[in-house]
Amino acid sequence: MFGSRLKSAGRRGRTVVVAGGVALALTLSGCAAGQGGGGQGGGGEQQGNHPDIPAVATLPVPANAANPAGDGRAQCAPTTTLAYAGALTGSNAQLGVNIVNGVQLAIDQHNKANPGCQVQLKRFDTEGTPDKAPGIVTQVASEQPIIGVIGLPFSGESKATGGIFEQAGLVHLTPSATNPALTKNGWTTFFRALANDNVQGPAAAKFMAGKLGAKKVCVIQDDSDYGVGLAAATNQALQTTGIDASCQDKVTTGQKDFSAVVSKVVSAQPQAVFYSGYYAEGAPLDQQLSNRGFTGVFLGPDGVKDDQFVQLAGDASNNAFFTCPCTPGELIPEFADAYKTVSNGAAPGTYSLEGYDSATILLKAIDSGATDRAAVKNFVKGYDGAGLSKQFKWDSTGELATTAVYGYKVENGKIVYVGEIGN
């Protein structure tokens, strides 16, 4: 989710980048620290509690998955524009980079196949913050050639801007914002391209009780809309599993010293820690837990699942598993190979495939003859079709009719897929 691949953003010829600010420096102390073997805590209950869950190397792809290239006969005005709005700089920028690379790939494939319809992409950088996003989205909404948006990636900024999109009648597909409350606002322009946290939370609880074999867990949440909402959904689901989840704590965005939280976890001796937040804080938390002798599982959700977590946490990440309503695009060879052409050679990341599928749906709207915002919204509202990641059909609130959650783990310094864990 962070900015290590930002040099790939804006490298395509038909893209305009509208920056919301400069990249923020990420400073995590002791990034390369290894797993601590001694220290306080650990405890007999924790030892060896890293279950051997095998990686899954293949992923079935629907035979009828939508192709952004279409039939090659599309016609549209040269001003026809889609936008990406979300983080391109800031502490969680990598999630936005993953998404926008997927969007760019879909548009490149469309434009190569359709000389009569060259869709433009404009990028708007919100830095992923609820404070910055409203001004940026107001600018997006004011540009009439923009008839559809992919974004915003984060729940907090989505909450702060949904009303602006609604007033402008501008449809926006989020590939990654999961807070369930986002579809309770009566917005008709908001569509979620993944499962929400009322699905992910129970899946995480099921995963901990089942495949991870935990009897006791500590749930740590950050202060974001995403972290608070997911922790609540997970805690509610944990009540039905028989797991002791009495160990609870909170952290704040930007926090680097987790000594008090670590002491609480070490004292509780859980088999697993579930961290509900983003990896900017999750990486140093896992590292500090490991340095104090915690040998259980560190389970993070989609906000933590990124190669940057592994890089920043170092050897401590060897204890990490993840839940995510994201489909592993790296297991679709044709997509993964094509993705590298827009990512400076990087593999697909978290929500790259959802960004690609979301853009494909908007491109299909344009190819169908939709020329304005109202027509694009009506197309999406009635859409029912397979993408590479899932089946896309929305209810009246903008939630998908069919959803799934998947598991991942760190193996040999890489995040690998372990299969579906909830639906």
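The values are calculated or read from the model by the stated rules, or taken from the named source; none is laboratory data. The model shown is predicted, which means the values in this text are computed figures rather than measured ones. A quick note on method: Cβ atoms are made from the backbone with ideal geometry, for glycine too, and the neighbour counts reach across all protein chains shown. In case anyone asks, the SASA skips ligands and DNA or RNA and just uses the protein heavy atoms, side chains included. Shrake-Rupley method; radii C 1.70, N 1.55, O 1.52, S 1.80 Å.
So which residue, out of Ala77, Ala177, Ala346, gets the largest mean-square fluctuation from a GNM of the chain using Cα contacts under 10 Å as springs?
Ala77
Using +1 on the beta carbon of Lys and Arg, -1 on that of Asp and Glu, and nothing else charged, what's the dipole of the chain about the Cα centre, debye to 20?
The dipole magnitude comes to about 420 debye.
Considering the Cα positions of region 271-423, please state its Rg to one decimal place and its Dmax as a whole number of Å.
Rg then Dmax for region 271-423, in Å: 18.2, 61.
What's the percent breakdown of Cα-Cα distances in region 364-423 across 5 Å bins, shortest bin first?
Result, from short to long distances: 4, 15, 17, 16, 14, 10, 9, 9, 5, 1 percent.
Just want to confirm a number: the relative contact order over the chain, from Cα pairs under 8 angstrom separated by 6+ residues, in percent.
Once normalised by length, the contact order is 23 percent.
Could you identify which residue out of Gly70, Gly407, Gly90 has the top mean-square fluctuation in a GNM of the chain using Cα springs shorter than 10 Å?
Greatest mean-square fluctuation among the candidates belongs to Gly70.
Could you rank the peptides 282-288, 118-124, 148-154 by their average count of other C-beta atoms within 10 Å per residue, with the highest value first?
Sorting 282-288, 118-124, 148-154 by mean packing, highest first, produces 148-154, 282-288, 118-124.
Using a 1.4 Å probe on the protein heavy atoms, what percent of the accessible area of the chain belongs to carbon and sulfur? Each step should come with its number before you reach the end.
Values: 7570 of 15240 Å².
Roughly 50 percent of what the probe reaches on the chain is carbon or sulfur.
Check the straight Cα-Cα distances from Lys211 and name the aspartates and glutamates below 12 Å, setting aside those fewer than 8 residues away within the same chain.
Partners within reach: Asp52, Glu420.
Binning at 20 angstrom from zero up to the longest distance, how are the C-alpha pair distances of the chain distributed in percent?
In whole percents, the pair-distance histogram is 29, 57, 14, 0.
In square nanometres, what is one fourth of the surface area of the convex hull spanned by the alpha carbons of region 230-304? Please report the intermediate quantities before stating the final value.
Values: hull surface 18.7 nm².
Mean shadow area of the hull around the Cα atoms is 4.7 nm².
Taking a 26 Å limit on the Cα-Cα distance, which of the listed pairs Lys122/Lys159; Lys112/Lys132; Lys390/Lys414; Lys159/Lys340; Lys132/Lys250 fall beyond it? Walk me through the numbers before you get to the answer.
Working: Lys122/Lys159 22 Å; Lys112/Lys132 34 Å; Lys390/Lys414 24 Å; Lys159/Lys340 32 Å; Lys132/Lys250 24 Å.
Long pairs (Cα-Cα over 26 Å): Lys112/Lys132; Lys159/Lys340.
If you count only protein heavy atoms with a 1.4 Å probe, what accessible area per residue comes out for region 219-341, rounded to a whole Å²?
31
Could you tell me the distance between the Cα centroids of region 164-178 and region 56-108, to the nearest Å?
What the calculation gives is 16 Å, centre to centre.
Report, as a whole number in µm² per second, the diffusion coefficient that Stokes-Einstein gives for region 293-332 at 25 °C and 0.890 mPa s using the Kirkwood radius over alpha carbon pairs. If you can, show how the numbers build up before the last one.
Numbers: Rh = 11.1 Å.
The calculation lands on 221 µm²/s.
Can you compute log10 of I(q)/I(0) for region 182-275 with the Debye formula, treating each Cα as one identical point scatterer, at q = 0.11, 0.15, 0.17 Å⁻¹?
Each listed q corresponds, in turn, to -0.36, -0.63, -0.77.
Test of understanding: extend the Cα→C-beta vector of Gln75 to 7 Å, then name every residue of region 104-120 with backbone N under 14 Å from that spot.
115-118, by backbone N distance to the label point.
Which peptide among 217-223, 271-277 comes first, and what is the full order, when sorted by highest mean count of other Cβ atoms within 10 Å? List each step's numbers first, then the result.
Values: 217-223: 24.9, 271-277: 28.0.
So the order, starting with the most tightly packed, is 271-277, 217-223.
When DSSP beta bridges are limited to those with both residues in the chain, what percentage is antiparallel, rounded to the nearest 5?
In the chain, DSSP labels about 30 percent of beta bridges as antiparallel.
Find how many whole Å separate the alpha carbon centroid of region 318-343 from the alpha carbon centroid of region 360-392.
For region 360-392 versus region 318-343, the Cα centre distance is 24 Å.
Cα convex hull of region 79-219: how many Å³ per residue?
Roughly 129 Å³ of hull volume per residue.
Just how large is the dipole of region 222-281 about the Cα centre, in debye to the nearest 20, putting +1 at every Lys and Arg Cβ and -1 at every Asp and Glu Cβ?
Rounded to the nearest 20 debye, it is 120 debye.
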